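Asks: One structure follows; several queries about it will come next.
Nothing in this text is a laboratory measurement; each read-out follows from the coordinates by a stated rule. Here the structure is a predicted model, which means the values were calculated and not measured. For neighbour counting, all protein chains shown are included, and Cβ atoms are generated from backbone atoms with ideal geometry for every residue, glycine included.
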Amino acid sequence: MTKPVNVFVSYSWAHEKHTRVVDELEGLCHQRRNINLIRDKNEMQHGDLIRDFMDRLSGGEHIITIFSDDYFRSTWCMYELLAIWRKGGFNERTHALFIDVNCKLGDDKYHDDIISYWEAKEKEADGILSDKNSKNRRKLIDKSVLYRDISQALDELLDFAANRLTTPLDQLKAQHYSQILNKISPLKNGIRDFIEPDESNPLVRDEKKTARPTPKFQDKYIQVIQKHIAETLSGDAMAVCKQVLYGELNKVLVMLERDQIECNAKDIAENLITALQLGGKKCPVINKVLTNTVVMCLDKEKGGQIFEKAIPYQKNIIEKIEQILGYLVLSLVVEDDARDVSDWLNDDLHGFYFELRVRTLGGVELFIARQQERKATVTIDGHEITGKHLIFIDTNPLTWHEQVRLDEVKRIIWNIIMDDEREQLLDEDDLERLKAKINTLREIEHDPKKYCVAIKFEDGGDDSYRKICENFLMQLEIPLVRFGIKDKNMTQSSFGGIEFDLMSAIEEFLKTFNKYT
């Protein structure tokens, strides 16, 4: 007899008490089918950790998800669903079953109500966490992070669940759930079909890009960032600033339940990165540590004696704080995403086009800076964070087959790079001059200036724009990044779900910082 197929079931205990659907499925699987239904009450023993079982469930070859209103309001159920989503192969591995008439995912009002429910939970947890007298801070931080992750992925998860073709529960019962159980068979390589695909297949390799890991420390590059920050903090001119930075950082480390540190450049650099990684959506390292340091050192009224001591070094402090921010934010860039822009500075840029799964211009700058192994040169343009080295073209590339539109794009690039407003058409000599200027600026290590075009283009349904972009690049020889892509297979942005929060924190910091520059 062939080996049984293992099938996990994700469900709400509260609803199972009334429906007994899981009990029915379990009986059918054991009696009539070669399926081993794995459920918590049969697998767990006294003292076992619930989360360990849930993590095991999320990696199953097949998971039956029994959706109800209770399910979408349960912390543990949503933890399971989010973990399943992050593992990849969500459509193939999950088998949806709706058992609650109150679970109206296709209704916009119900959809919004579920989202509001989790946003309120997140806000409540953040409120308790902000109380310095609250106990069990580590548990509160974990809850806050989990609620944040659920809130940020929920819209896509609900849309996906709502669009699944499902059979009414009474029909499923009458047919012994055959519509679901008939679809369950062993996968070729188990869960590895989804999380360890054959990278020799370009189609599979592209699919892998949709399953983004959460940010993690990449030891080698993190050490480079630490080294740069530590060097920036060294020297007599930064002595006053370092003392303030050290004090503000320790306040945040206490909030995050981390050990306080001594005032030396290496420890400060290491813990700035750690606190940014752990700080979550509020980005306290930027909002509290860097901002407060700038204010104390450069604001006469608020800095007092610290301001007086910093007066001889203010220009140096401004420069160094900007460098610290530029290196610090790179610690949030995910290695797999950084590979999307690998080898982009090669000898032959003809037809070179790539995509980044980020939503903001600031995100583009961070990934390009990461690949260039330089600090990010973030700046604020209106209310948007961008990079000093980016040329943003606010136009749909599908229109670039029209010569008039393409000429307009070329003039925009000319006007920015050549510092010379040009209204008329660019001839061949103009294009050669422009290409030469771009290449020269790109090669000047200490003054890279403008070097990359960025377009925000969400529609990925028509691949004809790729050829248009390639033709454009062949004429101008400049790298082009497409960003702002809406990818339904992604549960979060490339910064672990805090991309917009990070950009908001940078914006508020720069508003304060720019007052003194």
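Asks: Give a residue-ordered list of calculated ³J(HN,Hα) values for the range 260-277 (Karplus: 6.51 cos²θ - 1.76 cosθ + 1.60, θ = phi - 60°; whole Hz; x for Gly, Pro).
Replies: 6, 10, 8, 8, 9, 4, 5, 5, 4, 4, 4, 7, 4, 5, 4, 5, 5, 5
Asks: Sort 424-430, 256-262, 362-368 by the packing proxy (mean of other Cβ within 10 Å over each peptide's residues), most packed first.
Replies: The peptides rank, most packed first, as 362-368, 256-262, 424-430.
Asks: Please work out how much length the chain gains when fully extended from GLU408 to LEU431, using 0.36 nm per residue of separation minus the C-alpha to C-alpha distance, in nm with one decimal.
Replies: Once the chain is fully extended between GLU408 and LEU431, it gains 7.0 nm.
Asks: By how many nm would the segment from GLN223 to LYS266 lengthen if fully extended, with 0.36 nm per residue of separation less the alpha-carbon distance?
Replies: 14.4 nm
Asks: Would you mind putting 106-116, 267-277 in packing order, based on average other-beta-carbon counts within 10 Å, highest first?
Replies: Final packing ranking: 267-277, 106-116.
Asks: Amide H of ALA96 versus every other amide H placed in the peptide plane: which residues, excluding those fewer than 5 positions away on the same chain, fall under 5 Å?
Replies: Placed amide hydrogens put THR65 under 5 Å from ALA96.
Asks: Whose amide H sits under 5 Å from the amide H of ILE38, counting only residues 5 or more places off or on another chain, with H placed in the peptide plane?
Replies: Amide H neighbours of ILE38: VAL7, PHE8, VAL9.
Asks: Another question about this same structure. Please list, in order along the range 415-426, the HN-Hα scalar couplings obtained from phi with the Karplus expression 6.51 cos²θ - 1.76 cosθ + 1.60 (θ = phi - 60°), rounded to whole Hz, x for Gly and Pro.
Replies: Here the 3J(HN,Hα) series is 4, 7, 6, 8, 6, 9, 4, 10, 9, 7, 5, 8 Hz.
Asks: What span do the alpha-carbon atoms of the range 219-332 cover on each of the three principal axes, reported in whole Å from largest to smallest?
Replies: 38, 26, 23
Asks: For the pairs LYS288/LYS315; LYS315/LYS437; LYS220/LYS302, flag any whose C-alpha to C-alpha distance is greater than 29 Å.
Replies: LYS315/LYS437; LYS220/LYS302
Asks: Going by C-beta contacts inside 10 Å, put LYS435, LYS288 in order with the fewest on the left. Intermediate values should be presented prior to the final figure.
Replies: On the way: LYS435 15, LYS288 19.
Exposure proxy ranking, most exposed first: LYS435, LYS288.
Asks: What FRET efficiency do you get for ASN6 and TRP76 if R0 is 22 Å and r is their Cβ-Cβ distance, rounded to the nearest 0.05?
Replies: Numbers: r = 20 Å, r/R0 = 0.93.
Efficiency at R0 = 22 Å is approximately 0.60.
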